[in-house]
Structures are given as C-alpha cells and as structure tokens.
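Student: Below are the structure tokens for one structure; questions will follow.
The values are calculated or read from the model by the stated rules, or taken from the named source; none is laboratory data. All values reported here derive from a predicted model rather than from experimental measurement. Neighbour counts run over all protein chains shown; Cβ positions are idealised from the backbone, glycine included.
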Amino acid sequence: MIELKNISKIYESNENNRVTALKDVSINFKEGELILLKGPSGSGKSTMLSLIAALSKPTSGEVIVDTKRISKLADTFAATYRRNNIGFIFQKYNLIPNLSVEDNILLPLIPLNLSEDEAQKHVKSVMEKFHIAHKKEIAVKSLSGGEQQRVAIARANVNKPKIILADEPTANLDKELSLKFIEILRELKSQNKTIIVATHDPLFFGLDFVDREIEMLNGELLV
Amino acid sequence: MKSKINFYLIEFAINSLLRQKAKSIFITVVITFLTFLLASVFFITNSIKYELNATLDSLPQITLQDVRGGRIHDIDIKNVEKILAINGVSDASSRVWGYYYFEMLDVYFTVVGIEEFETALTPALASLSEKFDFNSIAMFVGAGVKKKMSERYYKEYFNFIKPDGSMKKVNIAGVFESDLELEANDMIVMSKQNVREIFAMSEERATDISVHVSNPKEIATVAQKIKEQFPSFKVITKDDLKLSYENMFNYKSGVFLALFVVAIFTFFIIIYDKLSGVSSEEKREVGILKAVGWRVEDVLKEKFYEAGIISVFSYLLGIALALAFVYLLQAPLLREIFIGYSDLKVSFRLPFVMDLQTLLLVFFLTIPIYIAATIIPSWRVASLETDEVIR
C-alpha cells in the first residue's frame with residue numbers, strides 16, 4: 001500500500017548547514033498494518049511520516065501510495081491526497097488554540113463544502129467516538145493535554161482516512177493517558193486502518209496488536 | 001445539499017477576525033479613517049464644484065469693470081449705449097451691487113440692486129423683479145442673511161449705515177430663494193435706488209456692466225473689441241472667472257493633499273508591515289490548515305474573505321461616516337480648507353451630490369490594496385513546504 005523507494009531527505013538552510021534526515025531508505029507498509037517506528041530524536045522518524053503525508057518532498061527517491069507517486073504531486077494534489085487519505089496526529093497536536101473543539105475538528109472538512117447536516121454528522125460522530133463531545137464548545141487552549149490529544153485524534157479521523165500517522169503521540173502525556181491512547185490505537189487498528197506510529201515511548205514496545213517494530217538511527221533503518 | 005458559496009469558509013474567516021480582535025480593530029480603524037477622509041474630500045469637492053459651476057453658469061457672459069490706477073471704480077452708465085453699438089453684442093445693462101460689512105457678526109453680505117424687467121442678473125433675480133414692489137423701502141434676503149440678522153434681533157428690518165454715517169432702515173419683505181445656495185445665501189436684494197443710497201453711488205454710475213453676446217463663439221472677439229475701445233475697462237469673461245475659481249479651488253485641494261499624503265503614508269506603512277511578513281502565529285495556522293488538507297487556493301480564499309469582510313465593512317463605515325460628516329455636519333474643519341473665504345461670507349450648506357464614480361474611486365483606492373497586502377504574504381507562506389511551516 002505504501003512504498004518508500006530509495007528515499008533521501010536533506011534539510012539545507014544554507015551551504016554550511018545541511019542535515020541529512022533520511023539516507024536512501026526503502027520500505028513497504030501493507031494495508032491494515034500497525035507499524036512502530038522506533039528510535040531516538042533525530043533518527044528520521046518524523047521526516048518519514050512527513051514524506052508519507054506529502055507534507056514535504058524527498059530530496060531523492062519516491063513515495064508511492066496505492067500506485068500514486070505522492071512525492072511527485074503538485075501542491076494542490078498533495079493537499080487533496082492528504083485530505084482524502086491521511087489522518088495526522090502531531091506531537092504538539094497542532095490545534096488552533098482559540099478555536100472550539102468542534103471547530104478544530106471541522107477544519108479538514110471545510111474545503112469540502114459539505115452540507116451542514118453532513119458536516120455536523122461527521123464531527124459529532126468522531127467527537128463521541130473519542131469522548132470529547134461534552135467539551136465541543138470549549139476553546140482547545142482551555143483543555144488538558146489528554147483532551148487536546150483526543151481533539152487531535154478526532155480531527156485526524158473526521159475525514160475517515162485510510163492511513164493514520166502519529167508522531168510521538170504520547171510525548172506530552174502521563175502514563176494513564178498514554179495507555180488510553182494505546183487503546184484508541186487498538187480500536188483504529190480493528191477498523192483495518194494502516195497506522196504508523198513514530199515513538200520512543202517504551203509503553204508501545206511489544207504490544208500484541210502491533211504488526212512490526214522498525215528501528216531507525218541517523219536516518220537509516222536498522223534491520 | 002452543496003452550496004456554491006462555502007459558508008464554513010466564510011464563518012472561519014469571521015472567526016479568524018474575531019480571534020485577532022486587537023489587530024482587526026486596528027485595521028478597521030485605519031481603513032475606515034482613510035475611506036472617510038478620501039470620501040469626505042471627494043464629497044466636499046463634488047458639492048463645491050457643482051455649486052460653483054451652477055453659480056458661474058448664471059453669470060453674465062462678459063462683465064465690465066472700470067479699473068483706474070489698479071483700483072476698481074464705479075462705471076459710467078453712459079457706456080452701456082456705446083457697448084450696445086458694438087457688433088455681436090445683443091444686450092448690455094448696468095448692475096448695481098456691493099458688499100456690505102455687518103460689523104457685529106464680522107461678515108459681508110452681497111447687496112444687489114434690481115429694477116423692473118431686470119435682465120442683467122441671474123434668472124432667480126429676474127423672476128424676483130417681477131413680484132418686487134419698487135416703490136417700497138424693502139428687501140429680500142438670503143436664508144443665511146436672515147439667520148445672521150435674526151441673531152442680532154433684526155427680524156423685520158435692518159438699519160444700514162451709509163458712508164456719511166446716517167442710517168437707512170430697510171424692511172425685510174421676505175426670504176430670497178434660489179436653487180444655488182452659494183448665490184442666494186449671503187445675498188440681499190432691493191431696488192437699485194436703495195442700493196445707490198446705501199453705497200452713496202450717484203445715478204449716473206453703476207458697479208459694473210454685464211454684456212450678452214448672441215453667439216457664444218464670438219465672446220472672445222467681442223471682449224477684444226471692448227478692450228480696444230475702452231482701455232481702462234477690465235473685461236472679464238465667464239471662462240476667465242471659471243478658470244480663476246478653479247485655480248483657487250485647486251490650490252485649496254493642494255493644501256488638503258498634504259494632509260492626505262500623511263494618511264496614505266500611514267496606510268502604506270501598515271501595508272508594508274503586512275507584506276514584509278506574516279506573524280509566526282498566522283504562519284503556524286496556515287501550516288495547520290495545509291496539514292489537514294487545505295489547498296493553497298483554500299487558504300487564499302479564506303484570506304480573501306477575511307480581507308474582504310474587514311475592508312468592505314470599513315469602506316461602508318467610512319462612506320457612511322463621510323456622508324454624515326459632510327452632509328449632516330457640513331464638514332467642520334475640512335470644508336474650511338476648501339472654502340477659505342468663508343470667514344468673510346455667510347456660510348452655505350453643501351448640496352448633496354453623489355455619483356457612483358466617486359464611490360468606485362474610493363473603493364479602488366483602498367480595498368484592492370488591502371486585499372492584495374493580505375493575500376500576497378499568505379500566498380508566500382502557503383506556497384512553502386507544509387512541513388517547513390509547522391515544524
């Protein structure tokens with residue numbers, strides 16, 4: 001389903017400041033799989049997620065999702081691809097702090113110009129699923145870390161994506177909330193979604209529903 | 001059902017403006033002020049130009065004054081016959097008028113003399129002469145004069161002080177009305193005989209002579225002939241007057257321009273500030289929107305709505321304020337810039353003149369500039385790699 005072919009990514013702010021985030025990485029992810037990308041900070045996990053989500057383009061190599069060359073997509077098509085296929089849970093959640101829970105979750109649906117009933121149905125459904133409906137009118141800046149994460153998860157699922165990408169999802173959560181998140185992952189996995197989680201949180205290691213754990217270091221896969 | 005207009009996007013744009021309350025209020029104030037200033041100037045300009053043109057249109061084609069030693073003297077009315085003998089002149093008549101200084105209120109009134117079958121003056125005065133009782137010692141006054149006189153308790157009559165110090169009591173017969181506020185407002189109309197008495201002008205003399213030429217194309221030629229025949233006469237054509245009024249008016253506009261440049265300068269500083277960069281918060285927000293699947297065009301559309309809502313609202317507010325300021329309040333302070341001589345004359349009301357052209361001009365001088373200044377930096381940010389923006 002997802003194929004990364006000889007991917008390299010170099011961040012270059014100027015000639016003297018080049019950071020190689022990924023070095024000639026090739027890997028496949030199957031539909032319905034739950035994969036853990038493990039490794040310390042700077043190992044290239046987030047970059048890999050970013051390339052799969054078409055948030056950035058590789059310096060070389062190709063990202064193919066369902067036969068589409070994502071890495072070659074023009075910006076407009078990349079956005080459409082993201083909207084239709086990807087649910088991204090960011091480490092810092094990337095919510096708009098002054099917007100309400102409901103409005104933050106609605107964001108991916110706005111460009112679709114759905115009818116009010118349809119849009120509300122989608123939003124209500126994910127708010128209930130991720131137990132945040134009771135806070136729907138509250139600005140997200142007033143929520144706790146765990147609640148903010150539930151909003152981020154709800155937003156990532158509101159467009160019913162096939163692929164869920166989570167970048168250090170428990171980095172800002174305590175153990176109890178992290179375990180709750182793991183339960184949410186289990187539920188998403190049961191819906192046959194392809195899930196890739198970048199983490200170095202030991203709570204994820206050895207979980208029975210995780211299909212593969214991939215170790216990364218200095219932009220390379222450790223086999 | 002899908003609607004073509006994306007109301008969610010409009011709602012998001014409104015929310016976005018409300019979220020940045022302080023910034024939105026500041027921008028609203030600046031654009032409203034600029035629109036208000038621009039529209040006020042155009043409204044005042046249009047009103048005065050309309051009034052001036054209408055006033056000038058009612059003036060004689062050629063006016064003759066007797067200038068000796070650089071000073072204007074009363075003109076000998078015997079010259080009227082000689083003028084009538086010039087080829088091309090269809091009519092010529094003497095006019096008796098002058099400025100009367102009303103010391104108590106420090107204003108000048110224009111005192112105009114008329115006689116039966118008056119043709120030398122404006123149509124309004126000509127029609128007044130038909131109903132005027134020339135045997136009475138009475139006068140018709142403009143609305144402004146009536147008001148000023150009433151302030152000093154002259155409600156039924158007024159005592160004119162003649163040059164020899166004696167007084168002449170003239171009854172107020174009524175209020176003189178004209179379509180032209182400038183013409184009628186500061187005017188007093190009475191018989192020529194009474195005007196002569198007040199200004200101590202002899203029967204053989206007049207203030208000036210008005211000349212009518214049958215063929216308007218011959219005005220310049222007739223003016224030249226008069227000049228040759230009467231070297232001491234100052235020959236003023238209607239076009240000369242129009243030009244001198246316009247020059248004075250343009251000078252006044254120039255003074256305003258200096259003020260206006262300051263306002264524009266401020267506006268452009270804000271625009272520059274917006275163009276030179278988007279705040280980190282705004283940048284992050286654009287990144288988030290793109291990360292959740294918004295295309296560059298979706299982001300730009302939202303920014304367009306934001307800028308459109310704030311600038312159109314400010315524009316309408318500015319226009320409404322300008323209308324109230326100019327036509328209800330009569331543009332205090334600003335109108336003095338354009339009508340510098342108002343201290344000497346009784347003030348008049350600015351006539352309501354409104355055209356689509358002015359509204360469009362103000363619109364295009366403000367709104368597109370602001371919208372562009374909002375969209376261009378957002379486009380720059382939205383065109384960056386999303387990952388780079390939200391990292």
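Okay, residues lined up against (1) among the acidic types (Asp, Glu); (2) touching a strand residue (DSSP E or B) at 6+ places or on another chain (Cβ under 8 Å):
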{"position": "A:PRO97", "(1), (2)": "no, yes"}
{"position": "A:PRO111", "(1), (2)": "no, no"}
{"position": "A:GLU116", "(1), (2)": "yes, no"}
{"position": "A:VAL126", "(1), (2)": "no, no"}
{"position": "A:SER144", "(1), (2)": "no, no"}
{"position": "A:ARG150", "(1), (2)": "no, no"}
{"position": "A:LEU185", "(1), (2)": "no, yes"}
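Student: Please note which strands (runs of 3 or more DSSP E) are completely contained in region A:104-223 and include at least 2 residues that are touching an Asp or Glu at 6+ places or on another chain (Cβ under 9 Å).
Tutor: Working: elements: A:163-167, A:194-199, A:212-217, A:220-222.
Of the strands (runs of 3 or more DSSP E) lying wholly inside region A:104-223, those with at least 2 residues that are touching an Asp or Glu at 6+ places or on another chain (Cβ under 9 Å) span A:194-199, A:220-222.
Student: Are any residues in region A:72-96 of a type outside the set (Phe, Trp, Tyr) and free of Cβ contacts under 8 Å to residues at least 40 places away in the same chain, and if so, which ones?
Tutor: A:LYS72, A:LEU73, A:ALA74, A:ASP75, A:THR76, A:ALA78, A:ALA79, A:THR80, A:ARG82
Student: Residues of region B:50-73 being more than 20 Å from B:THR221 (Cβ to Cβ) and in contact with a helix residue (DSSP H, G or I) (Cβ under 9 Å, 6 or more places away or on another chain), which ones?
Tutor: Answer for region B:50-73, where residues must be more than 20 Å from B:THR221 (Cβ to Cβ) and in contact with a helix residue (DSSP H, G or I) (Cβ under 9 Å, 6 or more places away or on another chain): B:GLU51, B:LEU52, B:ASN53, B:ALA54, B:THR55, B:LEU56, B:ASP57, B:SER58, B:ASP66.
Every residue, every condition in (1) among the aliphatic types (A, V, I, L, M); (2) over 20 Å from A:ARG83 (Cα atoms), yes or no:
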residue: A:GLN120; (1), (2): no, no
residue: A:VAL151; (1), (2): yes, no
residue: A:ASN157; (1), (2): no, no
residue: A:ILE163; (1), (2): yes, no
residue: A:LYS180; (1), (2): no, yes
residue: A:LEU188; (1), (2): yes, no
residue: A:THR199; (1), (2): no, yes
residue: A:GLY206; (1), (2): no, yes
residue: A:GLY219; (1), (2): no, yes
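Student: A further question follows. For region A:35-48, state whether one or more residues are within 14 Å of chain B (Cβ to nearest Cβ), in a loop (DSSP other than H, G, I, E, B) and surrounded by 23 or more Cβ atoms within 10 Å (Cβ to Cβ).
Tutor: yes
Student: Then there is this: Mind checking whether some residue in region A:121-133 is closer than 25 Å to A:ILE52 by Cα and acidic (Asp, Glu)?
Tutor: No, the conditions are met nowhere in region A:121-133.
Student: What is the residue count in region A:88-103 for residues that are over 17 Å from A:LYS141 (Cβ atoms) and facing chain B (nearest Cβ under 9 Å)?
Tutor: Selection size over region A:88-103: 1.
Student: For region B:14-60: of the residues being aromatic (Phe, Trp, Tyr) and buried (at least 20 other Cβ atoms within 10 Å of the Cβ), which is modelled with the lowest pLDDT?
Tutor: That would be B:PHE42.
Student: Among B:ALA22, B:ALA39, which is the only one that is assigned to a helix (DSSP H, G or I), over 30 Å from A:LEU112 (Cα atoms) and within 14 Å of chain A (Cβ to nearest Cβ)?
Tutor: Only one candidate passes the filter, namely B:ALA22.
Student: While we're looking at this one, here's another question. Residues that are within 14 Å of chain B (Cβ to nearest Cβ), within 13 Å of the chain's Cα centre (by Cα) and in contact (Cβ under 8 Å) with a residue 24 or more places away in the chain: does region A:173-189 have at least one?
Tutor: no
Student: Let me ask another. Among the residues that make up region A:193-212, is at least one of them within 14 Å of chain B (Cβ to nearest Cβ) and buried (at least 16 other Cβ atoms within 10 Å of the Cβ)? Quick ask: steps written out before the conclusion?
Tutor: At the first step, the residues of region A:193-212 found to be within 14 Å of chain B (Cβ to nearest Cβ) are A:198.
When the remaining residues are screened for being buried (at least 16 other Cβ atoms within 10 Å of the Cβ), the result is A:198.
There is at least one residue in region A:193-212 that is within 14 Å of chain B (Cβ to nearest Cβ) and buried (at least 16 other Cβ atoms within 10 Å of the Cβ).
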